[in-house]
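Please treat every number below as a calculation from the coordinates, not as lab data. This one's a predicted model, so the numbers in the text were calculated from it and none came from an experiment. All Cβ positions, glycine included, derive from the backbone under ideal geometry; neighbour counts span all protein chains shown.
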4 protein chains.
Amino acid sequence: MSSIFGDRLKISVFGESHGPAIGVVVDGLPSGIALDFDKIAGEMARRRPDSGPYSTKRKEMDEVEILSGLFNGRTTGTPLSAIIRNKDTISAHYNAMERLARPGHADFSGYVRYKGFNDYRGGGHFSGRLTAPLVFAGAVAKQILEEQQIFIGAHIDSILDIKDIGFDKTNITREQLMALSEMDIPVNDRSCHAQYLEIIDNARKNGDSVGGIIEAAIIGLPAGIGSPIFDNVEAKLSSILFSVPAVKGVEFGEGFSITKMYGSEANDSFYTDGSKIMTRTNNNGGINGGITNGMPVVLRVAIKPTSSISIEQDTVDIKSFENTTIKVHGRHDSCIVPRAVPVVEAACAVAICDLLLSQLGVDTLSEGDW
Amino acid sequence: MSSIFGDRLKISVFGESHGPAIGVVVDGLPSGIALDFDKIAGEMARRRPDSGPYSTKRKEMDEVEILSGLFNGRTTGTPLSAIIRNKDTISAHYNAMERLARPGHADFSGYVRYKGFNDYRGGGHFSGRLTAPLVFAGAVAKQILEEQQIFIGAHIDSILDIKDIGFDKTNITREQLMALSEMDIPVNDRSCHAQYLEIIDNARKNGDSVGGIIEAAIIGLPAGIGSPIFDNVEAKLSSILFSVPAVKGVEFGEGFSITKMYGSEANDSFYTDGSKIMTRTNNNGGINGGITNGMPVVLRVAIKPTSSISIEQDTVDIKSFENTTIKVHGRHDSCIVPRAVPVVEAACAVAICDLLLSQLGVDTLSEGDW
Amino acid sequence: MSSIFGDRLKISVFGESHGPAIGVVVDGLPSGIALDFDKIAGEMARRRPDSGPYSTKRKEMDEVEILSGLFNGRTTGTPLSAIIRNKDTISAHYNAMERLARPGHADFSGYVRYKGFNDYRGGGHFSGRLTAPLVFAGAVAKQILEEQQIFIGAHIDSILDIKDIGFDKTNITREQLMALSEMDIPVNDRSCHAQYLEIIDNARKNGDSVGGIIEAAIIGLPAGIGSPIFDNVEAKLSSILFSVPAVKGVEFGEGFSITKMYGSEANDSFYTDGSKIMTRTNNNGGINGGITNGMPVVLRVAIKPTSSISIEQDTVDIKSFENTTIKVHGRHDSCIVPRAVPVVEAACAVAICDLLLSQLGVDTLSEGDW
Amino acid sequence: MSSIFGDRLKISVFGESHGPAIGVVVDGLPSGIALDFDKIAGEMARRRPDSGPYSTKRKEMDEVEILSGLFNGRTTGTPLSAIIRNKDTISAHYNAMERLARPGHADFSGYVRYKGFNDYRGGGHFSGRLTAPLVFAGAVAKQILEEQQIFIGAHIDSILDIKDIGFDKTNITREQLMALSEMDIPVNDRSCHAQYLEIIDNARKNGDSVGGIIEAAIIGLPAGIGSPIFDNVEAKLSSILFSVPAVKGVEFGEGFSITKMYGSEANDSFYTDGSKIMTRTNNNGGINGGITNGMPVVLRVAIKPTSSISIEQDTVDIKSFENTTIKVHGRHDSCIVPRAVPVVEAACAVAICDLLLSQLGVDTLSEGDW
């Protein structure tokens, strides 16, 4: 439980922000998959914080050390494990936080859950840093999916009250998704880029923070993936997406907006060109009854504003039970949405890979014959 | 997989709409829990369809037959199983549907998933009827939770474009939730009742349908429940909620709206009266870092408009691959939101009970000493 | 947990000996499998008690009612559930047992586990009667395996101190296994039949009981099934075999006897005829490193003597904590080994089917195309 | 699946013999457990190979690096992960083995399972070296159990045809188990020590190997632990024990020998001293109906002779499908039974800890209050 996700592809994430290392064990992989480390490094780079404001990040794989499950550049089929050493951590910033619960963070709830024994420094096991191993696992899952012609991408649908153009849910191409993955702030409407940056910069100047919505798409998924009742595509995806820090909402297709439609509008009518069955609209986000219908799977994820702000906030000293105030120092993103994009994609990749393995079997997805 | 949910409290749901029976096995229950069958019957009645438009439903337990796990009126601790016979099913309505995929339904995706061998009549295993066993399991879970002073309730936050008053997320009482559970269309603002009915009736007259949003609250949950990374409260709840038919979105606290706030607004600052730590606002819905913080857990669920409508829609004959049209006949709710309320509550009860059992242990929650 | 087994093929067994019904939900089945009910009835009959001592049992399927998961004679792929009503139960025999722990039974340990709330009548959920749903599930699993040319059979290797001829572990045929399945007391050496009956009858006359060893074989399993470290073939099989009442030991190949050999004897050397790799001996029971090597999987299961005997035994009144004695009345087999044979086979079938589904995928094993 | 064990205490083992490192993630631990690293180092030392024949091993903890889950010397409750670097590996020995299947090893079955992509060097993920992380996890589990006054120990019951005195199953003390843990070759009858060494040395001189039987005991377990049907104590223990390399049999209490007894002998009659219910004999090994009865849990594990022998054996070239021969070079134990003792104990500790956590809950077993 707790830090393990998946039924067939199980990922076991471990580590604390200021401990020796963080990492992941990926269990249940097909064997013989040639890993493209440039792509993995690219995904890791997309998630990584950087000094310059959203400058192009250097692709470096060296921070990830693979300990097992890889032989001659291919997956062995046995557990693939990878660790990332923690360094450059300034724990001093967190000394006060042993006692003061930062609003919006898990300091208080985590303290109670672990009866005061958790490593509170930098958020410990709750830290956003723990999404790095998830991105690694997702990068591997993405490569397995790509061999099946399944691709995942995302754009930032909104930051605060500025909104990008959403996906055309019936027509999303691989090229579109790849272009998004190349952008530091992926948007469909390029004019949003500057506006997003401006909002984020303003928030930073005020010691405040902003959040936003990420819209992701999974294309190439065949119809018929997922299982009622509980192992359906929406349940599986939402479960891992709500495990990404700061996520407070998940919706598929038109999501909450579908409740503003009549059934005659909301239903996606079917048609065929004789070879494939499609829907004219895609309000259901490519999923009927929890099972893919062959249209793009489209989902939206709400990312709350970064909890760490330098504005003074009321709080409580957990140990003395006294009311007090806190200003959260340290290096914080005033908006984590851009860095959350590859994390959301990785989470989707892991969940979809798990579902595919369930139905197709690990032998089917492995390379080689016997 | 597929039709089993939970880690410690596992529910295994089975059945098809027009098969001999539907049912559930509830595994992992504490022993010695005295079941109140009037309460169970009450929950079943809330979900049941009825001839009159939202008239008071008769409470009947007799439809549910308990086959195991109960002895002298108390849970034995071994699997509690219950079945509900199917009857009064008019399968003739569904003959055409063997070939015609109803838009919005799982007819097509399910056909592919099961390679044409699924029982398509009445939606089969995908039918909303399968929520009856879930409500039964939820009614049992609710009783276990109530012994821990944990209560669950919900209201209909909106139907189409009419909106009820939301919960005051920092202050929700047991009395309020109980009052809602007595209403056929539970609302905080009584004036919504007539408006909701009117919208629903209009949709029915037009052969169309409407959906809405359910807001649920769980009160009395102590701080410290849930586990990072993947076994957190939001992941667990969303996973089972997305298994309820027609759910297309789940959000916690302010959910998607929190992305419109600055961090300084969104963060729920802590304060204490010296005995308990609380938050002044509850934008995070009682959950920080995936773990309860002792405030009410508040969530919202988007229910799409009923897919079955009698208006003609485009579709495809799955077997001949010809474009055609369909009018869906049979008895259908033009709005399933009222009936979905007890289902959402049941889903929450099962998920929370599962989490509690993980942390407290089945022995702790059982009656009796040894 | 507790009453659910399996990762991909999950069986959820429920019921108590003297409750309304016992049953099983089989989740994760391939779709489109045409079930042969005569074969299922045949397996159920092999397990069933009978008035005459090991007379040919009538094949009756009517006692099993299938509630879901079957449509037009084929599996739908959704949960297959079946129940068997309890009848002909004389609970009066068990009234005294509410307080008196029968030696060898779970009366005491179960009382503590469930804090006195379990249904003690007839052993409740611990009863050997609960193997009937397992045999049903196993009969379904056997049919899936047979389509893959995998066959399971067993003989009674010993009763008390009389021993049958063991399998030639390198050469076991389908015909041999089928012939065994037709025998009321399956033996390789026909002369054992009368000797076994005599020992059993003598035990009965003395109000005593005997046990024995069952040797089972699984043939046709391809090499490469199973996964290190924990999801290996021996772990999976032993786990379900130790869930069969009265089993106290499980060994593979030469098992405990292999400890009496030198490595040079124990190792099964490989050879090939150019098309297939085989081993000259099969001391490892077809399993190397927890993974099948293509040779017959051979295992032995120790079944203890029936705990219920009419000879007076010392025991304790669980409630008053007084030392006393007990004679166990009621209808008991003086040897359950013959009836345990189909149960052991069923357990093997379920476990192997689960492993196959993991590697080949449910889509691969389903009928039909899409 | 595959390399993850447990329901509440999940251990995820990773690594290959000649890869960069091996390790384990232990998920679901109680928080606040002060770890005694001397004890952990002691367990690691018991398993470690050594130059001198069974000389006292130096206790070194430094080989194990803890990466997470530990803060100020106590468990945090989040995943505890540890790695052990591989070094001193002479891969050259294994070059020939890429093609030649060593009899008794998983070279062939693993090759098929992973379609030739597994890391074959030194047995890869199948290597006995992978028991080191298990021993680490077991050492942690042992400490949790010891806080509950539950102790685990073992002796070598036999090597080849020499047999030690078995445990008195009704009366095993902590002192006895501790004394055994101090011995390089733990035996009840000290005269066995020299005989065992002699057999092992003779085998070594002949380039051959021997196996044996380990008898383990778990004392202090309260009655009522375990759950029918499938999550019972015997199923759980056997499942992890069959995951230890070279194990070919597991039995509880009298095990296979119980089939040679009449029921009147085999049944363990109950008696009480007024405060506790006990059994006069313990043929069932402390387990009735899969649930502990409060008596010592006693089990025996068959360890086959080491597969690696320097005597020439027949085998097959996996790639060319030619018959050939092999002599296995490299440093091999001619008997791994002494080193398997702490592994068997560790496996028992992990399984029992998992069961305890299920029933008592992680909060109950954690230190501290909230």
Subject >> Nonlocal amide H pairs with A:Asn288, under 5 Å, H built at 1.01 Å >> reply: A:Asn293
**OP:** Would you please give the FRET efficiency between D:Met183 and B:Met178, computed as 1/(1 + (r/R0)^6) with r the Cβ-Cβ distance and R0 = 56 Å, to the nearest 0.05?
**Re:** 0.30
Original post:
Rounded if a/c is under 1.5, else prolate if a/b is larger than b/c, else oblate: which is region D:180-249, with a ≥ b ≥ c the root eigenvalues of its Cα gyration tensor?
Top reply: oblate
Original post:
Sorted by average packing, counted as other Cβ atoms within 10 angstrom per residue and highest first, what order do D:164-173, B:255-264 take?
Top reply: B:255-264, D:164-173
**OP:** State the residue of chain A whose Cβ is nearest the axis carrying A onto D, and the distance in whole angstrom.
**Re:** A:Ser12, 2
Original post:
Picking from A:Ile4, A:Gly368, A:Leu357, whose Cα lies most toward the positive end of the charge dipole for chain A (charges on Cβ: Lys, Arg +1; Asp, Glu -1)?
Top reply: A:Ile4
Original post:
Given H placed on each backbone N at 1.01 Å, which residues far from C:Thr76 in sequence or on other chains put an amide H within less than 5 Å of it?
Top reply: C:Gly32, C:Leu70, C:Phe71
Original post:
Mind listing the phi-derived Karplus ³J(HN,Hα) values for region B:258-265, rounded to whole Hz, using 6.51, -1.76 and 1.60 with θ = phi - 60°, and x for any glycine or proline?
Top reply: 5, 6, 8, 9, 7, x, 5, 8
**OP:** Given the peptides C:346-356, D:195-205, arrange them by the average over their residues of other C-beta atoms within 10 Å, most packed first.
**Re:** C:346-356, D:195-205
Subject >> 222 nm mean residue ellipticity, helices alone, for chain A (DSSP H n ≥ 4; -39,500 (n - 2.57); rounded to 500) >> reply: -8000 deg cm²/dmol
Subject >> For D:Phe37, inter-copy label distances in nm, listed shortest first [label point 7 Å out on the Cα-Cβ vector] >> reply: 3.2, 6.1, 6.8
Original post:
How large is ³J(HN,Hα), in whole Hz, for each residue of region C:245-256 in order, when computed from phi with the Karplus curve 6.51 cos²θ - 1.76 cosθ + 1.60 and θ = phi - 60°, using x for Gly and Pro?
Top reply: x, 6, 6, 10, x, 9, 9, 10, x, 6, x, 4
Original post:
D:Met183 label points, 7 Å along Cα→Cβ, one per copy: pairwise distances from this copy to the rest in nm, shortest first?
Top reply: 4.4, 7.3, 7.5
**OP:** For peptide A:150-160, compute the average count of partner chain beta-carbon atoms within 10 Å of each residue's beta-carbon.
**Re:** 1
**OP:** Please work out the Cα convex hull volume for the protein assembly as shown and give it in Å³ per residue.
**Re:** 159 Å³
Original post:
Sorted by packing (mean other beta-carbon atoms within 10 Å per residue), highest first, where do B:218-231, C:320-333, B:241-254 land?
Top reply: B:241-254, B:218-231, C:320-333
Subject >> Pseudo-label separations to other copies for A:Glu322 - Cα-to-Cβ vector, 7 Å, nm >> reply: 6.4, 8.3, 8.4
**OP:** Scale the Cα Rg of region D:4-365 by the rule-of-thumb value 2.2 N^0.38 Å and send over the ratio, two decimals.
**Re:** 1.01
Original post:
In the structure displayed, which of C:Lys115/D:Lys276; C:Lys260/D:Lys205; C:Lys236/D:Lys304; C:Lys205/D:Lys260; C:Lys236/D:Lys39 lie more than 21 Å apart, Cα to Cα?
Top reply: C:Lys236/D:Lys39
Original post:
Excluding D:Thr281 itself, what net charge comes from residues whose Cβ is under 12 Å from its Cβ, given Lys and Arg +1 and Asp and Glu -1?
Top reply: -3
Original post:
In chain B, which whole DSSP H runs stretch at least 20 Å along their own axis (Cα) and average -1.0 or higher on the Kyte-Doolittle scale?
Top reply: B:131-147, B:191-205, B:337-360
Subject >> Range of Cα positions in region A:193-317 per principal axis (Å), largest first >> reply: 61, 35, 29
Original post:
How many partner chain Cβ atoms sit within 10 Å of a residue's Cβ in peptide D:362-368, on average, as a whole number?
Top reply: 6
Subject >> Average other protein chain Cβ within 10 Å of Cβ, residues D:118-125 >> reply: 5
Subject >> In order through region A:308-317: 3J(HN,Hα) via Karplus (6.51 cos²θ - 1.76 cosθ + 1.60), integer Hz, x for Gly, Pro >> reply: 6, 10, 8, 5, 5, 10, 6, 7, 10, 7
**OP:** Please give the net charge around A:Val341, taking every other residue with its beta carbon less than 9 angstrom from that of A:Val341, where Lys and Arg add +1 and Asp and Glu add -1.
**Re:** +2
Subject >> Amide hydrogen neighbours beyond the local backbone of A:Ile318, cut-off 5 Å, H modeled >> reply: A:Leu100, A:Ala101
Original post:
What is the spin-label model distance, in nm, from C:Asp36 to C:Asn72 if the labels are put 7 Å beyond Cα along the C-beta direction?
Top reply: 2.2 nm
Original post:
Where the eigenvalues come from the Cα gyration tensor of region A:271-370, what are the semi-axes √(5λ) of the equivalent ellipsoid, largest first, in whole Å?
Top reply: 45, 20, 13
